[in-house]
Protein chains: 2
Amino acid sequence: MQDTHISLAHGNGGRFMRELIDEIFARHLSNPGLDVHADAVPLALNGNEVLFTTDGFTVQPLEFPGGNIGTLAVHGTTNDLAVAGATPRYLSLNAFIEEGMSIATLDRIIASLAQAARETGVAVVAGDTKVLPRGEGGGLYLATTGIGIRHRHRLGLEQIRDGDVLLVSGPVGDHGIAVMLAREAFGLHGELCSDVASVLPLTLAALECRGLRFMRDPTRGGLATVCHELQRATGLGVTLNQPDIPVRDPVQSVCDILGYDPLYLACEGRVVAVVSPEEADIVLERWHALPLGSAAAVIGRLHATHHRVLMKTAIGGERILEELEDDPLPRIC
Amino acid sequence: MQDTHISLAHGNGGRFMRELIDEIFARHLSNPGLDVHADAVPLALNGNEVLFTTDGFTVQPLEFPGGNIGTLAVHGTTNDLAVAGATPRYLSLNAFIEEGMSIATLDRIIASLAQAARETGVAVVAGDTKVLPRGEGGGLYLATTGIGIRHRHRLGLEQIRDGDVLLVSGPVGDHGIAVMLAREAFGLHGELCSDVASVLPLTLAALECRGLRFMRDPTRGGLATVCHELQRATGLGVTLNQPDIPVRDPVQSVCDILGYDPLYLACEGRVVAVVSPEEADIVLERWHALPLGSAAAVIGRLHATHHRVLMKTAIGGERILEELEDDPLPRIC
């Protein structure tokens with residue numbers, strides 16, 4: 001397209017919008033299921049159990065080490081399908097684009113989104129764009145809605161039993177700190193990359209174990225928020241063992257400087273799994289065999305002896321992990 | 001909830017966000033398929049042809065005579081499924097909420113959205129909320145993604161033949177003018193209501209006719225933009241007969257004052273249908289029998305004698321309807 005910046009006319013349903021859709025969105029996202037002229041597209045899903053999920057993305061800045069809002073929009077939503085036990089198949093995409101946004105930046109972001117979709121094996125088959133007046137919109141917001149096929153059914157909070165074991169697939173807090181550093185808001189810089197990635201290889205590996213009870217990806221609110229959800233849903237206490245929780249040194253350093261707790265920071269490529277005590281080591285072994293799971297660890301247990309989220313510290317003490325109230329890092333996803 | 005206005009903490013994944021979701025979204029949208037604690041929800045769709053569509057909503061003001069952004073978010077997306085020949089079944093909902101938004105207004109909008117969903121027979125089964133800093137976000141943006149079941153298959157632009165007839169189910173431009181008047185931007189006031197509504201009764205009635213080739217809802221860009229799409233896709237010329245196109249008097253009056261053309265204004269409860277000449281009257285009769293179709297009319301034809309979008313005027317002249325470039329009314333949906 002000839003323009004270099006988005007104008008309100010790119011949102012009006014006429015020629016400019018058609019060019020925007022054809023030359024940025026349809027070009028990058030081209031696939032046999034995508035028909036930009038159709039009101040609705042057919043999905044080949046018959047005879048399977050279909051899962052459905054949606055997520056919105058408002059990350060600032062739009063691009064950060066390891067990813068951008070486009071990769072996040074694919075992995076955020078497809079990871080929700082993966083941890084629910086499904087293989088993601090289809091995505092829809094909503095783009096709210098601010099007037100004045102650089103078309104080169106938009107092109108880069110949609111190209112990354114298309115690449116992430118190909119890597120994850122999902123087709124973006126429906127979409128919509130809206131243009132917002134300058135001053136609204138923070139450049140770009142995205143929403144993606146995903147459809148997947150579920151393989152097995154006995155996965156859920158209600159499957160969790162007293163004595164079950166808690167695992168995490170890798171270090172926590174990378175995404176939160178990488179995005180925070182990309183803002184350059186505190187005069188801090190670093191080489192840290194976001195962990196944004198498809199967790200599908202991890203979830204498929206775990207699904208082969210019968211002792212797997214439940215999985216979740218610790219995004220907004222981080223690992224601590226997943227633990228509170230487990231506690232609320234099961235009535236069981238959660239005890240984490242601090243020395244076992246993988247945290248990269250640069251993440252811990254930034255957290256120490258700024259007073260953050262990495263357990264409350266968003267991850268975008270990690271899985272928390274609850275597994276029977278008999279099979280926890282099997283899941284751990286399977287994860288260790290995968291590139292994304294090399295630092296996977298058993299980090300705690302659920303049991304009926306208390307009803308809180310507690311953390312045993314390295315020096316042998318115990319502290320309560322409170323539910324998140326104040327947001328440590330807004331606009332992280 | 002105790003708060004009266006949205007704060008950034010309502011978007012952080014912790015307790016405040018949980019309260020917002022439970023007390024506003026889950027309360028209004030409650031249905032057996034909705035599980036606000038699940039990453040993804042199962043859909044009962046096996047053995048049918050599944051259709052999928054998405055749409056974003058940025059209308060200003062958020063509330064207007066005849067509807068609000070919530071009713072629009074249901075009807076806009078489910079109407080896309082309806083005109084594609086499907087019965088809408090499931091919706092996902094993304095809300096981008098501006099910090100400082102009145103919670104009473106949000107509650108009213110989500111209640112309307114829930115009511116519109118019930119009336120249309122769709123269940124909102126997945127959702128996500130994000131909170132944007134004050135100054136971004138225009139109060140509220142919504143995106144909805146819909147899933148429907150298709151009844152018959154031979155419907156599409158490729159079905160259209162030389163000589164086919166164009167119908168519209170009711171007066172055009174009501175939504176555009178009602179929203180514009182609600183802005184009180186030109187010192188104009190009026191009693192006009194938006195036409196926002198489910199077109200499902202209209203599309204189901206038309207689907208019973210074998211001569212039905214194609215349907216579209218004339219939203220952004222209006223009737224003229226649908227005609228351009230028909231022209232581009234088929235290579236046939238489109239000739240509209242101006243005196244036959246239903247336009248309400250107050251809509252025409254406002255258009256005359258401000259220099260708008262109602263054929264380019266958004267409708268949110270109308271259907272444009274292309275029908276074989278033999279069956280056009282049957283579709284018209286069926287539509288006339290429905291409350292939403294009482295003013296339905298045959299408005300033109302497609303034929304190979306030219307390759308433009310032309311309009312025959314009341315005084316016997318012909319003018320070309322150009323493709324929309326400049327947006328007459330941004331933020332209309």
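The values are calculated or read from the model by the stated rules, or taken from the named source; none is laboratory data. These numbers were taken from a predicted model, which means no experiment stands behind them. No Cβ is skipped: glycine too gets one built from the backbone with ideal geometry, and neighbour counts run over all protein chains shown. Only protein heavy atoms, including side chains, enter the accessible area calculation; ligands, DNA and RNA are left aside. Shrake-Rupley method; radii C 1.70, N 1.55, O 1.52, S 1.80 Å.
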| note | Expected vector for the stretch B:212-220, Karplus 3J(HN,Hα) from phi with 6.51, -1.76, 1.60 and θ = phi - 60°, integer Hz, x for Gly and Pro, equals 5, 9, 6, 9, 8, 9, x, 8, 3
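With the other protein chains left in place, how much accessible area per residue, in square angstrom, belongs to the stretch A:115-227 at a 1.4 angstrom probe?
Values: 3680 Å² over 113 residues.
On a per-residue basis, 33 Å².
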| message | Quick check on chain B: helices-only [θ] at 222 nm, where DSSP H runs of length 4 and up contribute -39,500 (n - 2.57) each and the sum goes over total residues. Nearest 500, please. | response | -8000 deg cm²/dmol
| message | With θ taken as phi - 60° and the coefficients 6.51, -1.76 and 1.60, list the Karplus ³J(HN,Hα) couplings across the stretch B:132-144 in order, rounded to whole Hz; mark glycine and proline as x. | response | 9, x, 3, x, 9, x, x, x, 7, 10, 10, 10, 10
| Taking amide H positions as placed 1.01 Å from N in the peptide plane, with prolines and chain starts having none, which residues 5 or more places from A:GLY100, or on another chain, fall under 5 Å of its amide H? | A:ILE6, A:SER7
| field | Dipole magnitude of the stretch B:208-271 about its Cα centre (Cβ charges: Lys, Arg +1; Asp, Glu -1), debye to nearest 20 | value | 300
| said: I'm checking a number: the convex hull volume of the Cα atoms of the protein assembly as shown, normalised per residue, in Å³. What is it? | reply: 144
| query | Where in the stretch A:138-195 are there GluC sites (Glu not before Pro) that are in a DSSP coil and have at most 12 other Cβ atoms within 10 angstrom of their Cβ? | reply | A:GLU184, A:GLU191
| task | For chain B, with all protein chains present and a 1.4 Å probe, just round the carbon and sulfur fraction of the accessible area to a whole percent. | result | 49
| request: Tell me which residues come under 5 Å, amide H to amide H, from A:PHE52 once H is placed; ignore anything under 5 positions away on its chain. | output: A:GLY148, B:VAL41
| said: Compute a Gaussian network model of chain B, connecting alpha carbons closer than 10 Å, and tell me which residue from B:ALA95, B:ALA205, B:ALA304 fluctuates the most. | reply: B:ALA304
| task | Show which lysines lie in cross-link reach of A:LYS130 when reach means a straight Cα distance below 18 angstrom and same-chain residues fewer than eight apart are skipped. | result | B:LYS130
| request: Would you work out which of A:ALA86, A:ILE103, A:ALA126 lies farthest towards the positive end of the dipole of the stretch A:38-150, given +1 charges on the beta-carbon of Lys and Arg and -1 on that of Asp and Glu, about the Cα centre? | output: A:ALA86
| remark: Under 5 Å from the placed amide H of B:LEU324, counting only residues 5+ away or on other chains, we find A:ARG15
| What's the long-distance tail for the stretch A:38-150, i.e. % of Cα pairs beyond 25 Å? | 22
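If you take every DSSP beta bridge whose two residues both sit in the stretch B:38-150, what share of them, in percent to the nearest 5, is antiparallel?
Details: 22 of 31 bridges.
So the antiparallel bridges amount to about 70 percent of the total.
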| field | For A:ARG161, solvent-accessible area (1.4 Å; no DNA, RNA or ligand), Å² | value | 110
| Picking from A:ILE320, A:ILE21, A:ILE109, which is most flexible by a Gaussian network model of chain A using Cα springs under 10 Å? | A:ILE320
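Please list A:ARG134, B:ARG232, B:ARG220 in order of solvent-accessible area, largest first, computed with a 1.4 Å probe with all protein chains present. Working shown, then result.
Numbers: A:ARG134 160, B:ARG232 100, B:ARG220 40 Å².
Listed by decreasing accessible area, they come as A:ARG134, B:ARG232, B:ARG220.
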| note | Taking Cα atoms, the helix B:249-258 axis meets the longest principal axis of chain B at an angle in degrees (rounded to 10) of 90
| Under Karplus coefficients 6.51, -1.76 and 1.60, residue-wise ³J(HN,Hα) of the stretch A:119-130 in Hz, glycine/proline x | 4, 8, x, 10, 10, 7, 10, 8, x, 8, 10, 10
| task | Calculate the dipole size of the stretch A:38-150 relative to its Cα centre from +1 charges on Lys and Arg beta carbons and -1 charges on Asp and Glu beta carbons; express the result in debye to the nearest 20. | result | 220
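Report the GluC sites (Glu not before Pro) located in the stretch B:209-290 that are in a DSSP loop and have at most 14 other Cβ atoms inside 10 Å of their Cβ, or state none.
Numbers: sites: B:GLU229, B:GLU268, B:GLU278, B:GLU279, B:GLU285; in loops: B:GLU268, B:GLU278, B:GLU279.
Qualifying residues, ordered by number: B:GLU278.
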| note | Measuring from its Cα centre, chain A shows a charge dipole (+1 at each Lys and Arg Cβ, -1 at each Asp and Glu Cβ) which, in debye to the nearest 20, is 580
| said: Please report the spacing between the Cα centers of the stretch B:73-107 and the stretch B:290-333 in Å, no decimals. | reply: 28
